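The values are calculated or read from the model by the stated rules, or taken from the named source; none is laboratory data. Since the structure is predicted, the reported quantities are computational estimates derived from the model, not experimental observations. FYI the Cβ positions are ideal-geometry reconstructions off the backbone, even for glycines, and counts take in every protein chain you see.
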Amino acid sequence: MDLSHLDKKYFIDPHKYNCPFCKRNHVSYSLIDKFAFHWGENKVCHGYLIQCESDGCEKVSMHLSFDELRDSYAEYGRTKYRSRFADGIDIDSKLFFSQPTSYFVLDNRIPEKVRELVYEAENSRKSNYLVGASACIRKAIYELLEHEKTIIKNEKTGYADYQESIKALKQKFPSVAPELFDALGHIQEMASNQVHEGSWEAWDSKKLRFIIELTKATLHEIYVVPEERKERLGVLSQMRSAFSNSKKKPEESGEENNEK
Ligand SMILES: [Zn+2]
């Protein structure tokens, strides 16, 4: 299984991005508005409103940065800006907050407590609070294990055995790609009891990003994909019953409608 999509970018370049709303990749967007405000005495925060240009989507997301990211040019000695990001910058790395947060928007079918912790981890990471982000994502994973009642305790230490707990979670959700659980199980330092003693070190930003995206992908597979499948099957069976009703005489169709 290819996990490279977990590292997916929000903005690919000044013209293309991966839309968090319609989930289409590599689509055109436009920078429809820009604002700035004083974050602190000497710090200016720049906000960008981005609109998806896909047909039927056209939704707007908001992004904050401490840098002016627009393309600039000089005119009569003054700096002017175009309504687009400048070329040659890694846009994602310059943003410290985005709403929606990223490609895998957290669906509200995911347990609220877990969702909040992942969200907090993500925002902490973007603001470079790495200790806080590390703690939040660890807590999110433990919260998930607890929610699904798959915590397996080590008899000797009395603490949760991380790898065994993840294995139990994997067994509970056989339709989810096992690679996701295996990757979660392999996160170093999660397995250690030190987690509970607070003596671990924070992960760096890159590793954190991967762990956060991995957690989000797993949550999506556990809570969102099966529900979407059910919805699709529901629509299909409705279509089927509507189709079979239409072939019957009008007086017979009343009973069939009870079927869902
Ligand atoms: Zn879109």
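Counting only residues that are touching a Ser or Thr at 6+ places or on another chain (Cβ under 9 Å) and among the hydroxyl-bearing types (Ser, Thr, Tyr), which one in the stretch 57-78 is nearest to the ligand (Cβ to nearest atom)?
61
Take residue 114 and decide whether it is surrounded by 15 or more Cβ atoms within 10 Å (Cβ to Cβ) and β-branched (Val, Ile, Thr).
The answer is yes for residue 114.
Based on what the data block shows, is residue 142 under 13 Å from residue 190 (Cα atoms) and not hydrophobic (A, V, I, L, M, F, W, C)?
Judged against the criteria, residue 142 is a match.
Among the candidates 10, 29, 17, which residue alone is among the aromatic types (Phe, Trp, Tyr), at pLDDT 95 or above and either over 16 Å from residue 91 (Cβ atoms) or touching a strand residue (DSSP E or B) at 6+ places or on another chain (Cβ under 7 Å) (or both)?
Only one candidate passes the filter, namely 29.
What do you reckon, is residue 92 away from the ligand (no atom under 16 Å from the Cβ), surrounded by 14 or more Cβ atoms within 10 Å (Cβ to Cβ) and over 27 Å from residue 124 (Cα atoms)?
For residue 92, the condition - away from the ligand (no atom under 16 Å from the Cβ), surrounded by 14 or more Cβ atoms within 10 Å (Cβ to Cβ) and over 27 Å from residue 124 (Cα atoms) - is not met.
So in the stretch 219-260, with the set limited to residues that are surrounded by 10 or more Cβ atoms within 10 Å (Cβ to Cβ) and among the hydroxyl-bearing types (Ser, Thr, Tyr), which one is modelled with the highest pLDDT?
Only one residue fits best here, namely 223.
Can you say whether residue 14 is away from the ligand (no atom under 14 Å from the Cβ) and surrounded by 15 or more Cβ atoms within 10 Å (Cβ to Cβ), as far as the supplied structure shows?
When the stated conditions are applied, residue 14 passes them.
Consider the stretch 11-37. How many of its residues are touching a His at 6+ places or on another chain (Cβ under 8 Å) and outside any strand (DSSP E or B)?
Qualifying residue count, the stretch 11-37: 2.
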